[in-house]
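Report on the following structure.
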Amino acid sequence: QVQLVESGGRLVQAGGSLKLSCAASGSIFESDAMGWYRQAPEKQRELVATISRGGITNYASSVKGRFAISRDYAKNTVYLQMNNLNPEDTAVYYCKFVRFGRDTWGQGTQVTVSS
């Protein structure tokens, strides 16, 4: 079973940028897709961005044009570049390893955007 560790979350001002990292113990190449999700207080966890094994990306409408998901096979790491942040982006961000049979989640990293 793969293990995921997110990092990079912190407090930032509106309009600022952050780059989150998701380091995997297993090979991300073995996943069907890697994704970033987020969960704000008292809200359901929602999809932010995904990247398939073939490199196809998908973004939530609320972040499209501002966020970018990428991967580095050499470092076995998935990234989420977050630009022009706003308070609505405040949430715990989770990395997800998607594979048939069993999905795996990281523990999450807190992103707080002040106005």
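Data overview
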item	result
Residue within segment 56-64 that is open to solvent by 30 Å² or more (accessible area, probe 1.4 Å) and in contact (Cβ under 8 Å) with a residue 40 or more places away in the chain present	no
So Ala74, is it aliphatic (A, V, I, L, M), more than 12 Å from the chain's Cα centre (by Cα) and either surrounded by 21 or more Cβ atoms within 10 Å (Cβ to Cβ) or in a loop (DSSP other than H, G, I, E, B) (or both)	yes
Criterion (of a type in the set (Gly, Ala, Ser) and open to solvent by less than 50 Å² (accessible area, probe 1.4 Å)) met by exactly one of Ser31, Ser25, Ser7	Ser31
Selection within segment 92-110 - within 11 Å of the chain's Cα centre (by Cα) and open to solvent by less than 70 Å² (accessible area, probe 1.4 Å)	Val92, Tyr93, Tyr94, Cys95, Lys96, Phe97, Gly106, Gly108, Thr109
Residue match in segment 37-46 (condition: over 25 Å from Ser114 (Cα atoms) and either part of a loop (DSSP other than H, G, I, E, B) or touching a residue at least 24 places away in the same chain (Cβ under 8 Å) (or both))	no
Among (1) touching a residue at least 40 places away in the same chain (Cβ under 8 Å); (2) open to solvent by 90 Å² or more (accessible area, probe 1.4 Å); (3) in a loop (DSSP other than H, G, I, E, B), the one test that Val2 misses	(2)
Condition broken by Pro41, with the remaining ones in (1) farther than 14 Å from Thr77 by Cα; (2) surrounded by 13 or more Cβ atoms within 10 Å (Cβ to Cβ) satisfied	(2)
Enumeration of residues in segment 13-22 that are in contact with a strand residue (DSSP E or B) (Cβ under 6 Å, 6 or more places away or on another chain) and either over 18 Å from Met82 (Cα atoms) or open to solvent by less than 40 Å² (accessible area, probe 1.4 Å) (or both)	Leu18, Leu20, Ser21, Cys22
Residue count for segment 68-111, restricted to those that are closer than 25 Å to Pro41 by Cα and touching a helix residue (DSSP H, G or I) at 6+ places or on another chain (Cβ under 9 Å)	4
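Yes or no, residue by residue, for (1) at pLDDT 95 or above; (2) of a type in the set (A, V, I, L, M, F, W, C); (3) touching a Leu at 6+ places or on another chain (Cβ under 8 Å):
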position	(1), (2), (3)
Gly35	yes, no, yes
Glu42	no, no, no
Glu46	yes, no, no
Ala49	yes, yes, yes
Ser52	yes, no, no
Tyr59	yes, no, no
Gly65	yes, no, no
Ile69	yes, yes, yes
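The values are calculated or read from the model by the stated rules, or taken from the named source; none is laboratory data. All figures in this text were calculated on a predicted structure; none of them were measured in a lab. Note that each Cβ is placed from the backbone with ideal geometry, even for glycine, and that neighbours are counted across all protein chains shown. Each accessible area value is taken on the protein alone, full model and side chains, heavy atoms only, with ligands, DNA and RNA left out. Shrake-Rupley method; radii C 1.70, N 1.55, O 1.52, S 1.80 Å.
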